[in-house]
1. Hey, can you tell me all the residues within the range 39-62 that are aromatic (Phe, Trp, Tyr) and crowded, with 16+ Cβ neighbours inside 10 Å?
2. Considering each residue of the range 19-38, count those that are farther than 16 Å from Tyr53 by Cβ and either surrounded by 10 or more Cβ atoms within 10 Å (Cβ to Cβ) or touching a residue at least 60 places away in the same chain (Cβ under 8 Å) (or both), and give that number.
3. Right, Gly39: outside any loop (DSSP other than H, G, I, E, B) and under 27 Å from Ile67 (Cβ atoms) or not?
Amino acid sequence: MFANSPSLLWISSSNLRVCGLARFVTTMLIAPADYQEGGKANWRAIALLAHRYFGSGFGTVYDISTILILGIAGASAMAGLPTVIPTGTSSSLPVVR
């Protein structure tokens, strides 16, 4: 029944290792002041590193691909909502004005 469990555990642990490595690298390469509100790395540390170390062209491609991926993920979530929300519930929701 759970034949793929070891593979899924390995994939999820690898994903956590990559995220931990990215967190460590961004902490070492970006000044703490850049993480503050309004700083260059506020909410976009990896994008800042892409622009700084790989150039403006690669950084722009990284920014555009991130926007596209997030847009597709949002559209996918919105497309899947009708299968999660039962029919008839939208009429019982309160109207916020």
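We did not get these values from a lab; they are worked out from the coordinates using the rules stated. Bear in mind the structure is a predicted one, so any value in this text is a computation, not a measurement. Cβ coordinates were reconstructed from backbone atoms using ideal geometry, including for glycine residues, and neighbour counts include every protein chain displayed.
1. Tyr62
2. Quick first cut of the range 19-38, residues farther than 16 Å from Tyr53 by Cβ only: 19-20, 23, 32-33, 35-38.
Remaining after also requiring either surrounded by 10 or more Cβ atoms within 10 Å (Cβ to Cβ) or touching a residue at least 60 places away in the same chain (Cβ under 8 Å) (or both): 19-20, 23, 35-36.
So the count comes out to 5.
3. Numbers: outside any loop (DSSP other than H, G, I, E, B): no; under 27 Å from Ile67 (Cβ atoms): yes.
No: the conditions fail for Gly39.
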